[in-house]
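Chemist: Can you keep this structure in mind? I'll have questions shortly.
The values are calculated or read from the model by the stated rules, or taken from the named source; none is laboratory data. This one's a predicted model, so the numbers in the text were calculated from it and none came from an experiment. Here Cβ is always computed from backbone atoms with ideal geometry, including for glycine, and neighbour counts include all displayed protein chains. Keep in mind that these areas ignore ligands, DNA and RNA; they rest on the heavy atoms of the full protein, side chains included. Shrake-Rupley method; radii C 1.70, N 1.55, O 1.52, S 1.80 Å.
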Amino acid sequence: MQRKNFTEVAEFIFLGFSIFGNHQITLFVVFLSTYIFTLTGNIIVITVICIDRHLHTPMYFFLSMLSSSETVYTLVIIPRMLSGLIFYNQPISLGSCATQMFFFAILAANNCFLLTVMSYDRYVAICKPLRYTVLMNKGVCARLVCGSFGTGLVMAVLHVTAMFNLPFCGTVVEHFFCGIYPVMKLSCIDTTVNEIISYGVSSFVIIVPVVLVFRSYILIISSILKIPSVEGRKKTFATCASHLTVVVVHYGCAAIAYLKPKSENAIEEDLLLSVTYTIITPLLNPVVYSLRNKEVKDALHRAVGRNSS
């Protein structure tokens, strides 16, 4: 009954990067260039893993799933953001906003848990090498990927259901996409319960994977230290270096964005953090795995060699 006292909002308008005034065209060029590199890099990684039989292993299967997830993740956010930099005050319907938030939440959580699965894969490969093919068979890999996506789906349903049962009075979203907290600020009523739900879900999606990754790497490092030769230790740790780099940046940005007190966030800080985890972090994955991973580089050389011959 309380909802009838409020004017129903049918659409929102993104504030976007309008606070940067005349710099929006420059931002458009920079973000578009970065987005093209991100899409190209992830597509190359996925393609090379699919066509090169040397990369048909659990580690690279998970990497291809992560690249696929991040490709779709950027498609959900960045094209509309780029459009907003050129065509100002474009409205988005309530349904489209809910859809964007839903897919963003699914894929963001899915990425977190896929990185956790990849750390488990490295743990099994280094700590239990003789049982690796048994513990990481195709069925197990498929279940781990489905479990990551399923967890993201549950988190997204909780987020979006709680959010879009709220009545809204405001129409200007102080962001460039339908993020959870910027949309929540437009509600006409007290959102304490929604904030608790959102903080709880975000904490689960970030803290649980971080704890599991940390545990995996404690066991990995302890196993590496038992290797007698320095060269052997370096070679073994090199198989984890790319993943560890992506993990630190990914979870670091996510923790700062979602677990710090919201009262401390200025609009500029929110935008900067969001640009980091929607544009920079997805670019990091193909760059790190292309430049730091010898097997991927070798596969790229083989693919280029076949095409040029």
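Chemist: Evaluate the following for Leu66: is it modelled with pLDDT of 90 or more, in a helix (DSSP H, G or I) and either in contact with a strand residue (DSSP E or B) (Cβ under 6 Å, 6 or more places away or on another chain) or surrounded by fewer than 21 Cβ atoms within 10 Å (Cβ to Cβ) (or both)?
Modeler: no
Chemist: Filter region 273-309 for residues that are crowded, with 19+ Cβ neighbours inside 10 Å, under 20 Å from the mean Cα position of the chain (by Cα) and at pLDDT below 75 and give the result.
Modeler: Residue satisfying the conditions is Tyr289 alone.
Chemist: So which pairs qualify, if the first residue must be in region 41-57 and closer than 16 Å to Val72 by Cβ, the second must be open to solvent by less than 80 Å² (accessible area, probe 1.4 Å) and charged (D, E, K, R), the Cβ gap must be under 7 Å, and the two must be at least 6 apart or on different chains?
Modeler: Correct list of pairs: Asn42/Glu70.
One line per residue, one yes/no per condition, for (1) more than 28 Å from Val124 (Cα to Cα); (2) of a type in the set (Ser, Thr, Tyr):
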| position | (1), (2) |
| --- | --- |
| Ile189 | yes, no |
| Glu195 | yes, no |
| Gly200 | yes, no |
| Ser223 | no, yes |
| Val230 | no, no |
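Chemist: When you scan region 220-234, do you find a residue that is basic (Lys, Arg), at pLDDT below 85 and either assigned to a helix (DSSP H, G or I) or in contact with a Phe, Trp or Tyr (Cβ under 6 Å, 6 or more places away or on another chain) (or both), even just one?
Modeler: yes
Chemist: May I pose another question? Sort out which residues of region 94-132 are touching a Pro at 6+ places or on another chain (Cβ under 9 Å) and either farther than 23 Å from Val210 by Cα or aromatic (Phe, Trp, Tyr) (or both), and write them in order of number.
Modeler: Matches in region 94-132: Phe113, Tyr132.
Chemist: While we're here: Has region 242-258 got any residue that is of a type outside the set (Gly, Ala, Ser), over 20 Å from Ser69 (Cβ atoms), open to solvent by 30 Å² or more (accessible area, probe 1.4 Å) and at pLDDT below 80? Walk me through it before giving the result.
Modeler: We begin by selecting, within region 242-258, every residue of a type outside the set (Gly, Ala, Ser); these are 243-251, 253, 256, 258.
Cutting the leftovers down to over 20 Å from Ser69 (Cβ atoms) gives us 256.
Right, trim to open to solvent by 30 Å² or more (accessible area, probe 1.4 Å) and you get 256.
Now drop any that are not at pLDDT below 80, which leaves 256.
Checked region 242-258: at least one residue is of a type outside the set (Gly, Ala, Ser), over 20 Å from Ser69 (Cβ atoms), open to solvent by 30 Å² or more (accessible area, probe 1.4 Å) and at pLDDT below 80.
Chemist: Please indicate, with yes or no, whether at least one residue in region 164-180 is under 28 Å from Phe113 (Cα atoms), part of a helix (DSSP H, G or I) and either free of Cβ contacts under 8 Å to residues at least 24 places away in the same chain or over 22 Å from the mean Cα position of the chain (by Cα) (or both).
Modeler: Here is the first cut: in region 164-180, the residues under 28 Å from Phe113 (Cα atoms) are 164-165, 175-180.
Within this subset, residues satisfying the condition of being part of a helix (DSSP H, G or I) are 180.
Next, only the ones that are either free of Cβ contacts under 8 Å to residues at least 24 places away in the same chain or over 22 Å from the mean Cα position of the chain (by Cα) (or both) stay: none.
Taking every residue of region 164-180 in turn, none turns out to be under 28 Å from Phe113 (Cα atoms), part of a helix (DSSP H, G or I) and either free of Cβ contacts under 8 Å to residues at least 24 places away in the same chain or over 22 Å from the mean Cα position of the chain (by Cα) (or both).
Chemist: Okay, next question. Mind checking which residues of region 9-36 are in contact (Cβ under 8 Å) with a residue 40 or more places away in the chain and open to solvent by 80 Å² or more (accessible area, probe 1.4 Å)? First the steps, then the outcome.
Modeler: Restricting attention to region 9-36, the residues satisfying the condition of being in contact (Cβ under 8 Å) with a residue 40 or more places away in the chain are 9-19, 24-25, 27-28, 31-32, 34-35.
The answer is Glu11, Ile25.
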